[in-house]
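Q: Please find one structure pasted underneath; my questions will follow.
The values are calculated or read from the model by the stated rules, or taken from the named source; none is laboratory data. Predicted, not measured: the structure shown is a model, and the values here were computed from it. Cβ atoms come from the backbone with ideal geometry, glycine included; neighbour counts cover every protein chain shown. To get the accessible areas, we keep the full protein, side chains included, count just its heavy atoms, and leave off ligands, DNA and RNA. Shrake-Rupley method; radii C 1.70, N 1.55, O 1.52, S 1.80 Å.
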Amino acid sequence: MANALSTPGKYNFVKLEQCNNKAESVDYLFEMLSPAMFFLLEKGIKLLLVTLGSNGVFICCREHVNFMKDQKSCKVTPFSTRLLEKLEGCSLSSMPVNLSREGSSRTRVFHLPATSASVASLTGAGDCLVGGFLSSLCGGLDIMQSVAVGIAVAKASVESEANIPANFSAASIADEARRTLLSARHIWCQ
């Protein structure tokens, strides 16, 4: 996307060789991708999710992104109610950075790791991540919780032979999302 909005070839990426240390992999990916991510944010994108495969997701934001969801305006479903109950107390507000402060135009990057999975097929994982994120956001979860649910749904997808698993358990999705949220870290702020 960054190359489409800038000089062609400006952002070139080098494939990461197999690295056994996840923290080093994430740091390397951040160093490599941050110029393109920051460029996109400068172009006006308010929220950017960068998928990193087995390394998780970067959540990048700038300006007045409100990470907290106004649940009054959401269509809460029985499934999202169970997720909300399970993820109670597991949100951005428990992190040491106040993102809901009005007037902030700072750029922030968070990393949400993927939990390990027994891979059966990668087909459908990205679609499941986006679907899990959007349905959770529409169901009343905040942005960070919704990304964590998307990661959990993507994990269910890669562990299934089907592109999209036939059944989802709110309890297992919430447990995976909770693990991801508890491992989330704020990696950059400017």
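Q: Quick one: is Ala156 in contact with a Phe, Trp or Tyr (Cβ under 7 Å, 6 or more places away or on another chain) and either at pLDDT below 90 or surrounded by 15 or more Cβ atoms within 10 Å (Cβ to Cβ) (or both)? Please lay out each step first, then the result.
A: On the way: in contact with a Phe, Trp or Tyr (Cβ under 7 Å, 6 or more places away or on another chain): yes; either at pLDDT below 90 or surrounded by 15 or more Cβ atoms within 10 Å (Cβ to Cβ) (or both): yes.
Considered against the rule, which asks whether it is in contact with a Phe, Trp or Tyr (Cβ under 7 Å, 6 or more places away or on another chain) and either at pLDDT below 90 or surrounded by 15 or more Cβ atoms within 10 Å (Cβ to Cβ) (or both), Ala156 comes out as yes.
Each row is one residue, and each column tells you yes or no for (1) touching a helix residue (DSSP H, G or I) at 6+ places or on another chain (Cβ under 7 Å); (2) over 19 Å from Ser183 (Cα atoms).
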position: Asp127; (1), (2): no, yes
position: Gly131; (1), (2): yes, yes
position: Ser135; (1), (2): no, yes
position: Gln145; (1), (2): yes, no
position: Val149; (1), (2): yes, no
position: Ala154; (1), (2): yes, no
position: Ser157; (1), (2): yes, yes
position: Ser160; (1), (2): no, yes
position: Phe168; (1), (2): yes, yes
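Q: Also, quick follow-up: Given the options Thr123, Thr115, name the one that is closer than 30 Å to Arg62 by Cα and modelled with pLDDT under 95.
A: Values: Thr123 fails: closer than 30 Å to Arg62 by Cα.
Going through Thr123, Thr115 in turn, just one is closer than 30 Å to Arg62 by Cα and modelled with pLDDT under 95: Thr115.
Q: Let me ask another. Criterion first (open to solvent by less than 20 Å² (accessible area, probe 1.4 Å), in contact with a strand residue (DSSP E or B) (Cβ under 6 Å, 6 or more places away or on another chain) and of a type in the set (Lys, Arg)) does Arg108 satisfy it? Working first, answer last.
A: Working: open to solvent by less than 20 Å² (accessible area, probe 1.4 Å): yes; in contact with a strand residue (DSSP E or B) (Cβ under 6 Å, 6 or more places away or on another chain): yes; of a type in the set (Lys, Arg): yes.
It is true that Arg108 is open to solvent by less than 20 Å² (accessible area, probe 1.4 Å), in contact with a strand residue (DSSP E or B) (Cβ under 6 Å, 6 or more places away or on another chain) and of a type in the set (Lys, Arg).
Q: Starting from residues that are more than 16 Å from the chain's Cα centre (by Cα) and outside any loop (DSSP other than H, G, I, E, B), keep the ones in the stretch 158-174 and report whichever is farthest from Glu88 (Cα to Cα). Full working, then the answer.
A: Kept after step one, since they are more than 16 Å from the chain's Cα centre (by Cα), are these residues of the stretch 158-174: 158-172.
From what is left, the residues that are outside any loop (DSSP other than H, G, I, E, B) are 158, 170-172.
Details: Val158: 26, Ala170: 14, Ala171: 13, Ser172: 15 Å.
The residue in question is Val158.
Q: What are the residue pairs meeting all of these: first residue in the stretch 110-138, first residue farther than 18 Å from Asn167 by Cβ and among the charged types (D, E, K, R), second residue in a loop (DSSP other than H, G, I, E, B) and at pLDDT below 95, Cβ atoms under 6 Å, and 6 or more apart or on different chains?
A: none
Q: Out of all the residues in the stretch 168-177, is one or more over 13 Å from Leu83 (Cα atoms), surrounded by 18 or more Cβ atoms within 10 Å (Cβ to Cβ) and of a type in the set (D, E, K, R)? Quick ask: steps written out before the conclusion?
A: Let us first name the residues in the stretch 168-177 that are over 13 Å from Leu83 (Cα atoms), namely none.
No, the stretch 168-177 has no match at all.
Q: Return the residue satisfying two criteria in turn: it lies in the stretch 1-55 and is of a type in the set (Val, Ile, Thr) and over 25 Å from Leu134 (Cα atoms), and of such residues it is modelled with the highest pLDDT.
A: Of the residues in the stretch 1-55, the ones of a type in the set (Val, Ile, Thr) are 7, 14, 26, 45, 50-51.
When the remaining residues are screened for being over 25 Å from Leu134 (Cα atoms), the result is 7, 14.
On the way: Thr7: 82, Val14: 68.
Taking the candidates together, the pick is Thr7.
Q: Separate question: Can you go through Gly150, Gly139 and tell me which one is farther than 19 Å from Thr123 by Cα and surrounded by 15 or more Cβ atoms within 10 Å (Cβ to Cβ)?
A: Details: Gly150 fails: farther than 19 Å from Thr123 by Cα.
Going through Gly150, Gly139 in turn, the sole match is Gly139.
Q: So, one more: Pull out all pairs, ordered by first then second residue, where Cβ-Cβ is under 9 Å, the residues are six or more apart or on different chains, the first lies in the stretch 173-190 and is farther than 21 Å from Met37 by Cβ, and the second is surrounded by fewer than 15 Cβ atoms within 10 Å (Cβ to Cβ) and among the acidic types (Asp, Glu).
A: As it stands, the answer is Ala174/Glu85, since those pairs meet every condition given.
Q: Then there is this: If Ser93 satisfies all but one of (1) under 19 Å from Ile151 (Cβ atoms); (2) surrounded by fewer than 15 Cβ atoms within 10 Å (Cβ to Cβ); (3) at pLDDT below 55, what's the number of the condition it fails?
A: With respect to (1) under 19 Å from Ile151 (Cβ atoms); (2) surrounded by fewer than 15 Cβ atoms within 10 Å (Cβ to Cβ); (3) at pLDDT below 55, Ser93 is out only on (1).
Q: As an exercise: evaluate Gly131 against (1) closer than 15 Å to Ser146 by Cβ; (2) modelled with pLDDT under 90; (3) open to solvent by 20 Å² or more (accessible area, probe 1.4 Å) and give the number of the one condition it does not meet.
A: If we test Gly131 against (1) closer than 15 Å to Ser146 by Cβ; (2) modelled with pLDDT under 90; (3) open to solvent by 20 Å² or more (accessible area, probe 1.4 Å), just (2) comes out false.
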